[in-house]
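Coordinate-derived values only; no laboratory data. Since the structure is predicted, the reported quantities are computational estimates derived from the model, not experimental observations. Cβ atoms come from the backbone with ideal geometry, glycine included; neighbour counts cover every protein chain shown.
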Amino acid sequence: METLTKPSAAAQAARPIPPSITTPDKVESRIGMLEFTDGMPSHDTLDKVYDHLDFTHAFEAFVNSVQGVSMHAVHAGFLDAGVKDNEVLIFSELIERNDQVAQGGSRQRLAAD
């Protein structure tokens, strides 16, 4: 009867590591050069990545709040026009193609072509 034995630690260590799972020493990215030592990021790389995450979260917070700010501006515009809460605004005529319309929350006038 044949007995199965575990391979020794030396035999396991001798196996080559597949390149597809290794981390390169340097990676060029849109936030700059990222450097790694044995897969561990350098302090400079950590700073760059955390700064990028901070910027990404700030941008996401801004973009996610635009809809609420826009709805608030529409509500304020209705109040300025004399429309109270729980009332409906009905235009007596359709807007013409060449009429200028102010976009909610904007100081710029938009013209329709």
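Here are some notes:
- In this structure, GLN67 and VAL27 have a Cβ-Cβ separation that, at R0 = 35 Å, corresponds to a calculated FRET efficiency of about 0.45.
- The slack in the chain from VAL83 to HIS43, taken as 0.36 nm per residue of separation less the alpha-carbon distance, amounts to 8.7 nm.
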